[in-house]
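Some notes on the structure that comes next.
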Amino acid sequence: MIVLRSKRGLKTGRKMRTQPTERDKSILKQIAEGKTLTELGKYWGISRQRIFQISKRWSYGRYKGYKPSHVVEETHTWTSQSE
C-alpha cells in the first residue's frame, strides 16, 4: 500500500468519513427498497458504478458504530438431492 506523505512526514488529503452522508443514507435506503443501480444513478445524476461504490463502502459491519436500519436478512433452505 502506498501512503502519500508531505515533506514533514504527515499524511495529506482528506480524512476518511466514518459515517455516511444524508445522500448516501438515502441511496442505501432506496437500494433496500429494491431500486436498481441504474434507476438510482439517473435519479441522483451519478453513474451506476458510483452507486455501487457507495453501497459497498457503507455495507453492514465495515465501519464501527454504523448499523444501517435497512439490514435485510436472507434465509436459505437446502434440499437433499439423494434418492
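What follows draws every value from the coordinates through simple rules; no lab data is involved. Treat the numbers as computed from the prediction; the structure is a model and nothing was measured. Cβ: placed from backbone, ideal geometry, glycine included. Neighbour counts: every protein chain shown.
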I'd like to compare 29-37, 11-19, 48-56: which one has the highest average count of other Cβ atoms within 10 Å, and what's the full order after that?
48-56, 29-37, 11-19
Extension gain (nm, one decimal) between ARG17 and TYR43, 0.36 nm per residue minus Cα-Cα:
7.0 nm
Here the stretch 39-55 yields Karplus 3J(HN,Hα) values (6.51, -1.76, 1.60; θ = phi - 60°; whole Hz; Gly and Pro given as x) of 4, 5, x, 5, 5, 8, x, 10, 6, 5, 5, 5, 4, 4, 4, 4, 5
